[in-house]
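Enquirer: Let me give you the structure first, and then I'll get to my questions.
The values are calculated or read from the model by the stated rules, or taken from the named source; none is laboratory data. It should be emphasised that the depicted structure is a prediction, and the values quoted were computed from it without experimental measurement. Note: ideal-geometry Cβ built from the backbone for every residue, glycine included; neighbour counts use all protein chains shown. Surface accessibility is based on the protein's heavy atoms, side chains included, excluding ligands, DNA and RNA. Shrake-Rupley method; radii C 1.70, N 1.55, O 1.52, S 1.80 Å.
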Amino acid sequence: MSLFNRLLSSMGMGSCEVDTLLSSDSYSPGQRVTARVLAKGGTIGQHIHGVYFSLHCRYQQREDGQVQTQEVELAHFQLPVAMTVGAREELEIPIEFQLPEFTPLTLGSTEVWLSTGLDIRQARDPSDKDLFEVVPQPLVADLLVAITRLGFIQDLVHTEAVSSMARVTAPYLQMFHYSVGEGPFKGRIEEMELAVVPAEGGLYLHAEVTRTGRGMAAAVSRILEESGDRQRRRLTPELVENLQQHIEQLLVD
């Protein structure tokens, strides 16, 4: 490569491009993602020393009464491939990886994307960013439908940081807030908050309800309990089918 071409390459002019084509527009947490990475040569040939990937999410978090935008890298990996892309040549590299179980759903302001880059030494690394939708697993989708059928109205989805002492494999939890409309819990519950937490052996449902207060005694009870009544249950089809019964238990425990 001539000195002039090397200069153009280092400036990113006439160099290689990368484009990742996902096999689907949507995935569920824990699902395997397949894609094709296309490396397209520019006006000059270049040697690629590897392909690297990183999975990111952006969400809004409430902290001290304020909403802050956070960006987190969920995972990263690299393919130590070595190849040369000639001028105007196009190469295709198949890839496959598993979406982490704790990947948040793309609800509200939450975004998830895959960044792809090519390791080209002494040059500006070409990169690509691909947004995609993260949808609930079938069991979680059934849970969200069951909650709606009981008269709960989802009015907020946000993310909270978790303590380093918590037994959770992610630095945050995605929380689902519900108010109460017409249904069996009208007048009994002010609000409900849920989180589906991946853990060893499956999924767990963390539920917290704030009971409707009547009179000073109920108000004091809520203050003493600080943030309501919490319960952790393994998420199963039976739990979803008997969801009303489990919420009733939250009110009497």
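Enquirer: Looking at (1) under 30 Å from Ala195 (Cβ atoms); (2) open to solvent by 60 Å² or more (accessible area, probe 1.4 Å); (3) not basic (Lys, Arg), which one does Ser127 not meet, given that it meets all the others?
Expert: For Ser127, the failing item is (1).
Enquirer: Continuing with this model, one more query. May I ask you to say which residue of Glu101, Glu96, Glu73, Glu133 is in a strand (DSSP E or B), in contact with a Ser or Thr (Cβ under 8 Å, 6 or more places away or on another chain), open to solvent by 80 Å² or more (accessible area, probe 1.4 Å) and under 19 Å from Val196 (Cβ atoms)?
Expert: Glu133
Enquirer: Could you run through segment 26-56 and say how many residues are buried (at least 19 other Cβ atoms within 10 Å of the Cβ), of a type outside the set (Gly, Ala, Ser) and within 30 Å of Leu139 (Cβ to Cβ)?
Expert: Taking segment 26-56 first, the residues buried (at least 19 other Cβ atoms within 10 Å of the Cβ) are 27, 29, 35, 37, 39, 41-42, 44, 46, 48, 51, 53, 55.
With the extra rule that they be of a type outside the set (Gly, Ala, Ser), the set shrinks to 27, 29, 37, 44, 46, 48, 51, 53, 55.
Subset that is within 30 Å of Leu139 (Cβ to Cβ): 27, 29, 53, 55.
The qualifying residues number 4.
Residue by residue, here is whether (1) surrounded by fewer than 18 Cβ atoms within 10 Å (Cβ to Cβ); (2) modelled with pLDDT of 90 or more; (3) farther than 29 Å from Pro100 by Cβ holds:
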{"position": "Ala161", "(1), (2), (3)": "yes, no, no"}
{"position": "Arg167", "(1), (2), (3)": "yes, no, no"}
{"position": "Tyr178", "(1), (2), (3)": "no, yes, no"}
{"position": "Arg188", "(1), (2), (3)": "yes, no, yes"}
{"position": "Val196", "(1), (2), (3)": "no, yes, no"}
{"position": "Gly213", "(1), (2), (3)": "yes, no, yes"}
{"position": "Arg230", "(1), (2), (3)": "yes, no, no"}
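Enquirer: While we're looking at this one, here's another question. Under 9 Å between Cβ atoms, at least 6 apart or on separate chains: pull out the pairs that start in segment 221-240 with a residue that is over 23 Å from Asp142 (Cα atoms) and end on any residue that is surrounded by fewer than 11 Cβ atoms within 10 Å (Cβ to Cβ) and modelled with pLDDT of 50 or more.
Expert: Taking only residues 6 or more apart or on different chains, the pairs are Asp229/Asp253.
Enquirer: Next question. Quick one: Glu241 ticks every box in (1) open to solvent by 40 Å² or more (accessible area, probe 1.4 Å); (2) closer than 29 Å to Pro100 by Cβ; (3) at pLDDT below 90 except a single one, so which number is it?
Expert: Just one mismatch for Glu241, condition (3).
Enquirer: Could I ask something else about it? Restricting to segment 76-93, what's the tally of residues that are assigned to a strand (DSSP E or B) and either open to solvent by less than 80 Å² (accessible area, probe 1.4 Å) or small (Gly, Ala, Ser) (or both)? Please lay out each step first, then the result.
Expert: Keep residues of segment 76-93 that are assigned to a strand (DSSP E or B), which gives 76-79, 83-85, 90-93.
Pick out the ones that are also either open to solvent by less than 80 Å² (accessible area, probe 1.4 Å) or small (Gly, Ala, Ser) (or both) and you get 77, 79, 83, 85, 91, 93.
Adding up the residues that qualify gives 6.
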